[in-house]
C-alpha cells in the first residue's frame, strides 16, 4: 500500500514537470497571491484606476482525520482609485468583493483604504489595508494559503524593508474590533518575516537565513464574552541554499531546512499540547517553465492557530483526535503563463502523504487567473 501511494505521489509531480515545460514560467513564490501595486516615484499628482482580481478553482481531496475535502470556486475582485499626492506618498481607496460560484450574492464586500508612505527606496509603511503578497511568505503550517481568498482583507499597520542583504516586514492585522460590552472577543495577529542573505548578491550561490514569527491573540479588556482568552506563538528559523544555473534547461536548484516551534500561552489552553516543534526539509528546482518542491515533514506536538490543518497534531475536524508525532512527505508544483501584462494563468498541485498506519494520501489541485492592472485617469494637484 505504501509503495503504491508513493508511486502515485511521484507520478503526478513527474507528469506536471514534463507537461509544463511547453509554455510555463516558474516562480519561487506564489505569484497568484500577489496584488499590491508597485510604488511609482514619478507619479506625483497622478490619479489611476486599478483592478486587482483573482479567479480561483481549488479542489481539496483530503483523506484522514485532520481535514476534510472541500472545493472553492469563485473570484476576489478589488477595483480601486490610486492617487499620488507626492512622490513618496500614495492613497488607495476601493472595495473588495468576494464571490463564490453558486451563491446569489457576495460572501463579503468591504471597503479597502491604504495609506502608503515610501520613506526611501528601502523602507515603506502601510496603514489601513495591508499588502498581503503571498500571505507575507509565511510557511503553510503557520498560515493556510487559501486564507488569501477565504478570509477578510487584512487591516492594520505594516512596515516593509528591502536591501541587497535583508528583506523583512512586520505587521499587525486587527481582525476583530470590539466596543464596550460586546459579546465577543477582539482578535488580532502580529507577524514578522525576514530573509537574511549571507552570500554576495551578485553571486550564483544564494545562502540565506529565513525567519518567521506569528502571534495570534483573542481576548480584550472591555468585552462581555465568556470565551477563554487565547495567545498562540509560532516561530520558524532555518537555512536556505539556492544555485543559479546558466545555459541549461534548469534555471536553479536548492534546498531549505526549517525548524518550527509552537507555544500556547493562553491561560486556559485549547490545544491538547502546550508546546511543540517540527522540522521541514524541502528541496526543489526550476526550469524555464516549471517549479517543484518536495519535502519531508516531522512534527511533534505541533499546532498553529492559522495554519493548514494537515500539519497539525490536533485535528480541527475532531479535537479529540490527536497524534503527538506526525511524519509526512510533501510536494508542491506550480505552473503559470503570462497571457498579457499583469494577467497570469496557471495552476498548482499540492500533495501530502501521511506516514501513519493508513498512509493517508491527500492532494489539492488549483487553477488561477490573476489580473492586476491600472489605467491613468488624470492629473490632480493636491490642494
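Nothing in this text is a laboratory measurement; each read-out follows from the coordinates by a stated rule. Since we're looking at a predicted model, the values are computed, not measured.
Observations on the model:
- For the chain, the relative contact order works out to 18 percent when only alpha carbon pairs closer than 8 Å and six or more residues apart are counted.
- Only Cα sites of the stretch 93-212 enter the Debye sum here, all with the same form factor; the resulting log10 I(q)/I(0) across q = 0.20 1/Å is -1.22, listed in q order.
- Length-normalised contact order of the stretch 81-176 in % [C-alpha pairs under 8 Å, at least 6 apart]: 20 percent
- Distance distribution P(r), the stretch 303-383, all Cα-Cα pairs, bin width 10 angstrom from 0: 14, 30, 21, 16, 11, 7, 2 percent.
- Using only Cα coordinates, the Kirkwood hydrodynamic radius of the stretch 241-327 works out to 14.9 Å.
- Summed over qualifying helices (DSSP H, 4 residues or more, each -39500 (n - 2.57)) and divided by its residue number, the chain shows a 222 nm mean residue ellipticity of -2000 deg cm²/dmol.
- Remark on the stretch 227-383: Rg and Dmax equal 20.7, 69 Å (Cα only).
- Pairwise alpha-carbon distances in the stretch 255-295 exceed 16 Å for 57% of all pairs.
- With the alpha-carbon atoms of the chain aligned to their principal axes, the span from lowest to highest coordinate is 70, 64, 48 Å, starting with the largest.
- Relative contact order of the stretch 229-295, defined on C-alpha pairs under 8 angstrom at six or more residues apart (%): 33 percent
- Cα-based Rg / Dmax (Å) for the stretch 158-240: 18.2, 58
- Projected area, mean over directions - the stretch 332-375, Cα convex hull, nm²: 3.5 nm²
- For the stretch 144-297, the calculated P(r) over all alpha carbon pairs, in 10 Å bins from 0 to the bin holding the longest distance, is 10, 27, 32, 19, 9, 3, 0 percent.
- Cα convex hull of the stretch 106-165 - mean projected area over all directions, nm²: 5.1 nm²
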